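Remarks on the structure that follows.
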Amino acid sequence: MKHRLTVAQATVRFLANQFTERDGVRQRAVAGFLGIFGHGNVAGIGQALLQAQRSGTPEMPYRLARNEQAMVHTAAGYARMRNRLSTMACTTSIGPGATNMLTGAALATVNRIPVLLFPSDVFATRVAVPVLQELEDPRSGDVSVNDAFRPLSRFFDRVWRPEQLPQALLGAMRVLTDPAETGAVTVCLPQDVQAEAYEYPDELFAERTWHVTRPAPDPLAVERAAAVIRGARRPLIVAGGGVIYSEASVQLDRFARETGIPVADTQAGKGALSWDHPNAVGGLGATGSPVANRLAAHADVVLGIGTRYSDFTTASRTAFRHPQVRFVNLNVVSFDAAKLGALSLVADARAGLTALRPALHGRRFTGDFHDDVAAWNARVDRAYRERKGDHLPTQAEVIGVVNEACGARDVVVQAAGSLPGDLQRLWRARDPKQYHVEYGYSCMGFEIAGALGIKLADPSREVYALVGDGSYLMMAQEMVTALAEGVKLIVVLVQNHGFASIGSLSEQVGSQRFGTSYRYKSAQTGDYDGALLPVDLALNAESLGASVIRCRTAADLAEGLKRAREADRLTVLHIETDPLAAGPGSESWWDVPVAQIATLHSTRHALTGYLERKRDQRHHLRPGG
Ligand SMILES: Cc1ncc(C[n+]2csc(CCOP(=O)(O)OP(=O)(O)O)c2C)c(N)n1
Ligand SMILES: [Mg+2]
């Protein structure tokens, strides 16, 4: 049997029949479409989605986003919450609609999150070129702006002819559902081809299950890894996002308790163990806890599980200082497993831990970190309540209030600014799915759009987006999408009139906070150090349809959060904080180069300090095995 369908209709029908399965749990691989229509997709995917909607089965819900970059963030939030086993498809028009998705594609690929992108493309037939929004390349007829997706995608295809569609879709699904390869998956659909009809074979639309396996480690690799760990004196575990995606918390808990090895986590791995687990020592690296960083400095064997070892995690390769430090990396991606000269253990995190546990039976390390952890926890308690006199609340207080208002299953979402660092140090995660700080791409504007995806993925949880004023001004519009979809979010809008993060970094590198505050420009200095702007973000949020609670103090915020939790609609809590009030530090470093020659004293001074820290930087080339 054959079905005569347009390319777009076939795409929608195919996707409605794709499932993933892991550990016996089956779910839709692509739960729906997000989109914005234009001339590139209105008659193609747009028509197909309408037809699917009207026919009732198979179900393919459509949600209208307000910005194409944001809708990829929403899909990424969704996939992250579903442990990468289910995602959403994104359809855009051609030209600017398509290229608006580039940042989202990069975010997904960097974070290894599956998103399925269908940017529309220029006419395959090219009769009336250039079509509106077409990029013309005098040397090449088959280039379009969509080629910019190639380096950002783990799979890229362009369907020039209807016959190519089955291969493109199957290739896309394979990469989308492979934990080692996944990221942005892009299938460009020329606007004429989308509407073209073809006789597709029946089998293309059969229900198809993509089994997401748990690759087991090679037994010899387990032996080698166990031998290195057994020989350690001061081992440390680094738990990354892979632990959470693999749902390996139970196995990590057991492994850590039995061996006694302390567990530090990364931004993506926070929550893998609850903050008060006896082996938990907090975040590692540039914005981590001093406890984890001290342990890292002395560790002779580091067992990295599901981590990409970003520069924040390794403190730009200054975190691990033991002269003979060796790394053992358990990762489903061999590229990541091999990092830092490690002995690599290529496997699913859960399968790898399950195999390592018996191999380490009887080996127990006695750590001396518990007092340090207790002292650090007391320090965090103080930071949660640090308000001094009439000063504006500190960001640490805001984090404390939100953390204490949260139930164990509630979710916090963040991505950029000074909040990620403060959250990594101060947030107490009690559930593996509670903490969503997108810190692979650290993309300003991810917060609200990502939170929307997270809430769609698990409506049973309360979702809090913590947003800086900078991030908010870049991408607040998805609150309107949330309203239209009847999705409740709690947005905590932290107003500090500019970039607390980059302001402080600027000072550190000798650039005197130049160009980092949202104030009037002053004629004398040429910088934005004039009066505050008459900008009212609370009013702005209200104008977008949100319920808004203005909070002046941490106590107001606590009260407001109670009301927000009771509310059944999108609520924004607006609070102004002191951008200069620093919380407790990490005793760590991040490599941001300082100008090697300067007329400014501030820069020359910063350079001296920079060169000192730079001396501690290591390549970590020592063979791990
Ligand atoms: C899209 C994007 N542009 C630029 C940056 C660089 N950057 C990182 S943090 C930041 C400022 C963030 O401001 P805000 O959201 O107000 O947070 P704050 O620093 O005040 O905590 C900038 C510009 C980024 N991460 N993402
Ligand atoms: Mg700010």
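Every number in this text was worked out from the coordinates using simple rules, so none of it is lab data. No experiment lies behind these values; they were computed from the predicted model shown. FYI the Cβ positions are ideal-geometry reconstructions off the backbone, even for glycines, and counts take in every protein chain you see.
Per-structure values
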| quantity | calculated |
| --- | --- |
| Proximal lysines to K562, defined as alpha-carbon separation beneath 16 angstrom and excluding residues fewer than eight positions away on the same chain | K488 |
| Other-chain or far-sequence residues with amide H under 5 Å of G32's (modelled H) | A89 |
| Burial order of peptide ranges 107-113, 526-532, 326-332 (average beta-carbon count within 10 Å, highest first) | 326-332, 107-113, 526-532 |
| Helix-only CD estimate at 222 nm, as mean residue ellipticity for the chain, using -39500 (n - 2.57) per DSSP H run (n ≥ 4) | -10000 deg cm²/dmol |
| Computed lengthening from H601 to T213, 0.36 nm per intervening residue step minus Cα-Cα distance | 133.9 nm |
| Label point distance in nm, H361-Q508, each placed 7 Å from Cα along Cα→Cβ | 4.7 |
| Cα-based Rg / Dmax (Å) for the chain | 25.1, 78 |
| Net +/- balance of residues flanking A108 in space, Cβ distance below 15 Å, scoring K and R +1, D and E -1 | +3 |
| Cα shape, segment 2-211, gyration tensor, a/c 1.5 rule | oblate |
| Whether segment 219-372 is rounded, prolate or oblate, judged on the alpha carbon gyration tensor where a/c under 1.5 counts as rounded | rounded |
| The chain - share of DSSP beta bridges that are antiparallel (%, nearest 5) | 15 |
| Environment charge at D381 (Cβ cut-off 11 Å; Lys +1, Arg +1, Asp -1, Glu -1) | +2 |
| Pairwise label distance in nanometres, D276 with R615, each label 7 Å out on the Cα-Cβ vector | 4.4 |
| Full-stretch length increase - W160, E587 - with 0.36 nm per residue and alpha-carbon distance subtracted | 148.3 nm |
| Qualifying lysines (Cα of each under 23 Å from Cα of K270; at least 8 residues distant if same chain) | K339, K433, K455 |
| C-alpha center-to-center spacing [segment 33-68, segment 476-529] in angstrom | 35 |
| Cβ-based net charge around R26, under 14 Å, with every Lys or Arg adding one and every Asp or Glu removing one | +1 |
| Centre separation in Å (Cα based) which lies between segment 572-611 and segment 212-277 | 33 |
| Three-way shape call for segment 222-280 based on the alpha-carbon gyration tensor, with the a/c threshold at 1.5 | prolate |
| Segment E59-L580, extension gain: residue separation times 0.36 nm, minus the distance between their alpha carbons | 182.5 nm |
